[in-house]
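Notes follow once the structure below has been shown.
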Amino acid sequence: MVNMKMSCFLWGVLIVIVLCSAYLGEGKKLETTPTPWPEQFHSVLYINNSGSLQVTDLWYDWSKGRNFNIIQKQLGRKLYDLEWNNGTSFYYYLDKDECKRMHFDVGILRPNWLEGAKYLGMKYVDGFLCNEWEKVDFIWYYEDAITNRPVYWRFFSGMSVHVMTFEVGAVLEDAEWQAPIYCFDKAVAVEDLKEKTKASPVKGYAPLYPYFHKRLLSGFNEHNIFTIDS
Ligand SMILES: *[C@@H]1O[C@H](CO)[C@@H](O)[C@H](O)[C@H]1NC(C)=O
Ligand SMILES: *[C@@H]1O[C@H](CO)[C@@H](O)[C@H](O)[C@H]1NC(C)=O
């Protein structure tokens, strides 16, 4: 009788363990990787770069191999950061003829650029219940646990990005992707930033690498037209 009870109990324990591990295994499988970015989307991003604020229109277009950040600095100028997957990036303003052309070996972010990130659990961010990941001490990324849309990400540098809109499938017309003519005019500066590009710990992340951005923008002299080719 006692033996019978004992073995029933043990079977019960065993079943519970099996069910629990199946459940946990399933949960883990769902959350180990952030959802890949859609091949085309438009997002309005509210960005705080160590206290300096900007609203960025992000047009991500992997299908056509291009990425556009239109950056409105608070009460400041509007910077156009146009990146092609062949490695060419243009940084320009339209209020004055200023353009900087750069080459990155890595191209634009791939849709699965967050693959390999470490899952850290769930957390409320900006009022949304999110799954949290961290990738190589470089970025902390938060995705809505229910809709799987990105909500927020933060770089080790302190730059934080809040996703205000996320329109999957939205595409900017081709004509808008044409860099102004003065981007092709002159060949002035020679500054090869390839080595620094490689220093980015996330492959394909170079164009948005914050350290890089800082350098870029601080080196953006009025009246200067740089052309940087490899
Ligand atoms: C921007 O970030 C800084 C920290 O880098 C913080 O002190 C400040 O409150 C933030 N400002 C806004 C408007 O979010
Ligand atoms: C990359 O593509 C853009 C847009 O078509 C073009 O303007 C640029 O010259 C290309 N760069 C290279 C290195 O081919």
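Just so you know, all these numbers are worked out from the coordinates, no wet-lab data involved. Bear in mind that the values here come from a model prediction, so they are computed numbers and not experimental data. So basically every Cβ, Gly included, is an ideal-geometry build from the backbone, and we count neighbours across all protein chains shown.
Compute the FRET efficiency between Glu134 and Tyr93 as 1/(1 + (r/R0)^6), taking r as their Cβ-Cβ distance and R0 = 41 Å, and round to the nearest 0.05. For R0 = 41 Å, the calculated efficiency reads 0.75.
Once backbone amide H atoms are built at 1.01 Å from N, Cys99 has Phe226 as its partners under 5 Å, excluding neighbours fewer than 5 places away on the same chain.
Think of segment 73-150 as a dipole: +1 on every Lys or Arg Cβ, -1 on every Asp or Glu Cβ, centred on the Cα centre; then among Val125, Val136, Met102, Met102 lies furthest on the positive end. Relative to the current alpha-carbon distance between Asp185 and Thr33, full extension at 0.36 nm per residue lengthens the span by 50.3 nm. Counting other Cβ atoms within 10 Å as a rough exposure proxy, the listed residues Lys100, Lys118, Lys123, Lys135 run Lys118, Lys123, Lys135, Lys100 from fewest neighbours to most.
The Ser63 and Lys118 beta-carbon pair, evaluated with R₀ = 30 Å, returns a calculated FRET efficiency of approximately 0.55.
In order along segment 90-102, phi translates into HN-Hα couplings of 10, 10, 8, 10, 9, 6, 9, 6, 10, 8, 10, 10, 9 Hz, rounded to whole numbers, per the Karplus curve 6.51 cos²θ - 1.76 cosθ + 1.60 with θ = phi - 60° and x for Gly and Pro. Counting neighbouring Cβ atoms within 10 Å and putting the fewest first, the residues Ile181, Ile71 line up as Ile181, Ile71. Once you reduce segment 57-71 and segment 73-142 to the center of their Cα atoms, the two points are 10 Å from each other.
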